[in-house]
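Computed from the coordinates by the stated procedures, all read-outs in this text should not be read as laboratory data. In this text the structure is predicted, and so the values were computed from the model without any measurement. Positions of Cβ are generated from backbone atoms using ideal geometry, with glycine treated the same way; all protein chains shown enter the neighbour counts.
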Amino acid sequence: MKETALINKHIALGAKMVPFAGFNMPVTYEGVNVEHETVRNGVGVFDVSHMGEFILKGDKALELIQKVTSNDASKLYPGKVQYSCLPNDKGGIVDDLLVYMIDESTYMLVVNASNIDKDWDWISQHNNLGVEMKNISNKTSLLAVQGPKAVDVLQTLTEMNLRDMEYYSFAKGMFAGHDNVLVSATGYTGAGGFEVYCDNEFATDVWDAIFKAGESYDIKPIGLAARDTLRLEKGFCLYGNDIDDNTSPLEAGLGWITKFTKDFVNSDNLKKQKEEGVVRKLVGFEMVDRGIPRHDYEIIDSEGNKIGKVTSGTQSPSLKKAIGMGYVTKEFARPDSEIFINIRDKRLKAQVKKLPFL
């Protein structure tokens, strides 16, 4: 198993470690509910250094990105970030990712840990444009400092203007005494905050500086379990659960990052799907009956007919109720539709809700 540069910090803090995407990662420290509330109401720090980072450089870097991603990267400018996905040629999704425009000919792609090799191979396969590609995943650490108090903590560590940084933008500069650190107003919690990219050799220093700066804000380390409950309350997709090689971006509610103003991999077929309408849709739902929905549980109608399956589910710490996401046939996709989840051979009532939950 791979380890991040901060493995010794997690062990010293008593984290419960689990295998995740080939890495030994902290799943909890104090407990998922405490950690979840810390991020929603204060500030917490995730080590997400398992994520992948690729640098694409050259005169045709944008052309390659336009070809392999669904969103329109021509809208980017230096210092701007875009959420996008890599469509495959069968109607599904290779991965979802972030695209950072560093300068006119340099971009950074941030991809999911479990898909690093797959994404690299996929993009390389389409790179007949001479674009220079560099995989910096193994030397890059990434800390997600999330929550409404994150800006108060991090602004003390840099002269970069984080307070006025717009959502989905970034800056590079001195941070916690180290140069060439990239700080972006992004994250996967919906609680506000930043993501901090630095070289592995600086990761421990940066971690310690953040925690020292956050002492008076009761800053805490946060594990992957709370990351999952936080993103689910906001209806954010998780690759491998809610989206995968067999789900189209249109079915997943990602039409907003699927721009047909340009040609990209499988764009003709996806455009046809948009015109004809999808057969199933990803929806959010709240449990009416008592029970927690889990990945791959059947979704059925009132007569017991299978109409879909659960892709994500949890007990929401903020809402104090069980919530989930899943694909259902389009006639059951309207908000307030009554559906049932098959939990241990019991048909438990749920209701479709408009995302996000919170």
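Odds and ends about this structure:
- Residues Glu132 and Val18, FRET efficiency given R0 of 56 Å [Cβ-Cβ distance, rounded to 0.05]: 0.95
- Legend: P(r) of region 147-268 from all alpha carbon pair distances, 10 Å bins from 0, whole percents, reading 11, 34, 30, 19, 6, 0.
- Cβ-to-Cβ counts within 10 Å put Glu331, Glu37 in ascending order as Glu331, Glu37, the fewest first.
- Prolate/oblate/rounded call for region 66-139, Cα gyration tensor, a/c under 1.5 rounded: rounded
- Entries in Lys134/Lys212; Lys75/Lys353; Lys274/Lys306; Lys57/Lys139; Lys134/Lys271 that, when Cα-Cα distance is taken, lie over 27 Å: Lys134/Lys212; Lys75/Lys353; Lys134/Lys271
- Charge dipole (region 279-353, unit charges on Cβ, about Cα centre) - positive-most of Ile339, Gly313, Tyr297: Gly313
- Cα gyration tensor shape for region 137-181, rounded if a/c is under 1.5, else prolate or oblate: prolate
- Global geometry of region 208-344, whether rounded, prolate or oblate, following the gyration tensor of its Cα atoms and the 1.5 cut on a/c: oblate
- The chain - Debye-derived log10 I(q)/I(0), Cα point model, q = 0.09, 0.12 Å⁻¹: -0.51, -0.92
- Kirkwood-based Rg to Rh ratio, region 1-150, C-alpha trace: 1.02
- Residue order for His126, His178, fewest other beta carbons within 10 angstrom first, comes to His126, His178.
- Placing a label point 7 Å from the Cα of Ser105 along the Cα-to-Cβ direction, the residues of region 55-69 whose backbone N falls under 11 Å of that point are 57-61.
- Integer Hz, Karplus 6.51/-1.76/1.60 couplings in order for region 42-49, x for Gly and Pro: x, 7, x, 10, 9, 8, 10, 5
- Built amide H within the under 5 Å cut-off of Met25, gap 5+: Val18, Phe20
- Calculated [222 nm] ellipticity per residue, helices only, for the chain: -5500 deg cm²/dmol; basis is -39500 (n - 2.57) per DSSP H run with n ≥ 4, divided by all residues, nearest 500.
- Hz values of 3J(HN,Hα) by residue in region 22-28 - Karplus curve (6.51, -1.76, 1.60), Gly and Pro given as x: x, 10, 8, 10, x, 8, 8
- Beta bridges per DSSP with both ends in the chain, % antiparallel, nearest 5: 95
- Shape annotation for region 279-353: C-alpha extents along the principal axes are 32, 24, 19 Å, from largest to smallest.
- Each residue of region 51-58 was assigned a 3J(HN,Hα) from its phi angle through the Karplus expression (A = 6.51, B = -1.76, C = 1.60, θ = phi - 60°), giving 4, x, 10, 10, 9, 10, 9, x Hz with x at Gly and Pro.
- Neighbours of Val81 by Cβ distance under 15 Å: Lys/Arg scored +1, Asp/Glu scored -1, total -3.
- Here is the tail figure for region 1-80: Cα pairs spaced more than 22 Å apart come to 49 percent of all pairs.
- Extension gain, Lys306 to Glu286: 0.36 nm times the residue separation minus the Cα-Cα distance gives 5.4 nm.
- When both region 46-101 and region 141-158 are represented by their alpha-carbon centers, they are found 24 Å apart.
- Region 171-240 and region 17-32: distance between their alpha carbon centers, rounded to Å: 16
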